[in-house]
Amino acid sequence: MVLRIFFKAWRISLRTTRRFIVFTVAYAILLTWIAFIVRQYFIEFGPLFLPTNPGEAVLMQSYLVIMGWTLVAGTIMGIVFSWLLAHGRRDDIAVLKCVGWSNHDIRQLVLGEIIFITISAVLSIAILGILISGFYFATMVVLSPNPLGNPTVIVPAALNYILIRPDFITIALLAVMLVQVPGILILIWRTLRISPMRALTRPE
Amino acid sequence: MPEDIIVAQKVQKEYRRGREIIHALRDISLTIRSGEFLVIEGKSGCGKTTLLNVLSGLDRPTDGRIIFDQMDLTVIDERILPKIRQEKIGFIFQLFNLISTMTVYENVAAPLWPTDLSRQDIEDKAMDVIRAVDMVERKDHIPRQLSGGEQQRTAIARALVNKPKVVFADEPTGDLDTKTGATIMQLLRKLNQQEKITFVVVTHDQELIKYADRHFTMSDGRLSGGRR
């Protein structure tokens, strides 16, 4: 029973095709952008980078500023999406409250939808990442002076070109989950405030 | 002798609109017996929907008491109300209020999703009422693929799926043509007689009075009548 509504939300969100595609693409772009910044940071400095001179410190600072603004933009995006989701669903939520859904059930429904969209975004960029890495790998094999190549050299080299590595995506996913928290809180607050009476009095 | 399922005692409801106080319900006392088909008729803005809200526990009166199935809705913990709605109450709306992203089957089954019932039990119960309103052929359709009458039949099935004690219907024929409206009212009456479910119908349409066991007239927040 606990997960029933959660999984129903997935099916229902798939049927709101336009909103689903827009949200998924937007989250995919956000995830990719964060993953890209993380990648660049790691390539430049490595995970435990400590600046050794003022030039490196300035460079690191600029990366952190870009990341900071990206997280701010992601937070705003999360809030806007949550607001739109709550707004678009308020008549449905009023009806569901009328037929006996508690606030807890409603929370499961909207959280289920947000989590599904996030997972869809991750899956879509993972598939994109595999395609891109496959393309790079194939290109490197073809362009290699030795057509068969040495896998111990080619594979790490190919992986180095991959834009969307699993570790970068994981970090990006954690960042996106973090920036969604304010939006989710607003969404829950908005849905809990919807009165079931709305179902009886809503305008035509 | 049927038991009293709803007892309203000296119910008042006031709204504040700016400095003005609107008396939506004035001193309403009413007893509804189990299995009754009650029609409350009145013009638009007379307080019918407010009365429905209050009788069903969606809203609280400013003064007075509502006893629903031996529970005082005016003092009950708000957190218990969804459970009461889930187990004892069904709603039918003028604009059907089906969820556009759900199929007929899902709309009907949705009230049961938060319960502890198994998937098979939910399916059985939903299909029973879908069959009762003759919508089996359309169970996989979404609301925009249905006519107004079919949408209302789906809404009726949703209202009945939890085997409620009382179904509240707000202008159930208000968005339907005369012929479809009559069919829907006959269906409600049939379900009332077969399943012994109490129906409380509010409407502006005097034609619906003929389906009632008792009917009341509402005017300016006051209730009169109660004739059989």
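The values are calculated or read from the model by the stated rules, or taken from the named source; none is laboratory data. Nothing here was measured: the structure is a model prediction, and the numbers come from that model. Backbone-built Cβ (ideal geometry, glycine too); neighbour counts: all protein chains shown.
In the stretch B:152-176, the residues that are in a loop (DSSP other than H, G, I, E, B) form Cβ pairs under 7 Å with partners that are basic (Lys, Arg), at six or more places apart or across chains, as follows: B:161/B:125; B:164/B:88; B:165/B:88. When you look at residue B:99, is it out of contact with any His (no Cβ under 7 Å at 6 or more places or on another chain), surrounded by 15 or more Cβ atoms within 10 Å (Cβ to Cβ) and in contact (Cβ under 8 Å) with a residue 24 or more places away in the chain, yes or no? Taking the combined requirement at face value, the residue satisfies it.
Taking the listed residues A:82, A:102, A:62, the one that is among the hydroxyl-bearing types (Ser, Thr, Tyr), within 12 Å of another protein chain (Cβ to nearest Cβ) and either out of contact with any Gly (no Cβ under 7 Å at 6 or more places or on another chain) or under 30 Å from residue B:115 (Cβ atoms) (or both) is A:102, with no other qualifying.
Per-residue answers, yes or no, for (1) touching a strand residue (DSSP E or B) at 6+ places or on another chain (Cβ under 6 Å); (2) more than 21 Å from residue B:185 (Cβ to Cβ); (3) more than 9 Å from every other protein chain (Cβ to nearest Cβ):
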{"site": "B:34", "(1), (2), (3)": "yes, no, yes"}
{"site": "B:39", "(1), (2), (3)": "yes, no, yes"}
{"site": "B:75", "(1), (2), (3)": "no, yes, yes"}
{"site": "B:80", "(1), (2), (3)": "no, yes, yes"}
{"site": "B:89", "(1), (2), (3)": "yes, no, no"}
{"site": "B:101", "(1), (2), (3)": "no, yes, no"}
{"site": "B:106", "(1), (2), (3)": "no, yes, no"}
{"site": "B:114", "(1), (2), (3)": "no, yes, no"}
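Residues considered: B:64, B:57. Of these, the only one that is surrounded by 16 or more Cβ atoms within 10 Å (Cβ to Cβ), part of a strand (DSSP E or B) and out of contact with any Asp or Glu (no Cβ under 7 Å at 6 or more places or on another chain) is B:64.
Counting only residues that are more than 23 Å from residue B:225 (Cβ to Cβ), in a strand (DSSP E or B) and not hydrophobic (A, V, I, L, M, F, W, C), the stretch B:15-31 holds 4 of them. Looking only at the stretch B:162-188, residues that are of a type in the set (S, T, N, Q), surrounded by 17 or more Cβ atoms within 10 Å (Cβ to Cβ) and over 30 Å from residue B:116 (Cα atoms) come to 2 in all. Look at the stretch B:43-65: where a residue is more than 10 Å from every other protein chain (Cβ to nearest Cβ) and a partner is hydroxyl-bearing (Ser, Thr, Tyr), sitting 6+ places away or on another chain with Cβ atoms under 7 Å, you get B:46/B:219; B:60/B:74; B:61/B:74; B:65/B:74. Here is a check on your reading of the model: is residue B:107 within 18 Å of residue A:101 (Cα to Cα) and surrounded by fewer than 24 Cβ atoms within 10 Å (Cβ to Cβ)? Judged against the criteria, residue B:107 is not a match. Here A:172, A:157 are screened, and the one residue that is in a helix (DSSP H, G or I), modelled with pLDDT under 65 and more than 30 Å from residue B:79 (Cβ to Cβ) is A:157. For residue B:191, the requirement of being in a helix (DSSP H, G or I), more than 14 Å from chain A (Cβ to nearest Cβ), out of contact with any Phe, Trp or Tyr (no Cβ under 7 Å at 6 or more places or on another chain) and within 21 Å of residue B:68 (Cβ to Cβ) is met. Does residue A:89 count as within 30 Å of residue B:108 (Cβ to Cβ) and surrounded by fewer than 17 Cβ atoms within 10 Å (Cβ to Cβ)? Criteria not met by residue A:89.
Filtering the stretch B:110-130 to residues that are crowded, with 19+ Cβ neighbours inside 10 Å and closer than 15 Å to residue A:101 by Cβ leaves B:110, B:111, B:112, B:113, B:114, B:122.
When the stretch B:74-96 is filtered for residues that are part of a loop (DSSP other than H, G, I, E, B) and free of Cβ contacts under 8 Å to residues at least 12 places away in the same chain, the ones remaining, listed by number, are B:75, B:77.
Every condition in (1) within 12 Å of another protein chain (Cβ to nearest Cβ); (2) crowded, with 19+ Cβ neighbours inside 10 Å is met by residue A:74 except one, and the failing one is (1). Of all the criteria given as (1) at the interface with chain A (Cβ under 8 Å from one of its Cβ atoms); (2) crowded, with 19+ Cβ neighbours inside 10 Å, the one not satisfied by residue B:133 is (1).
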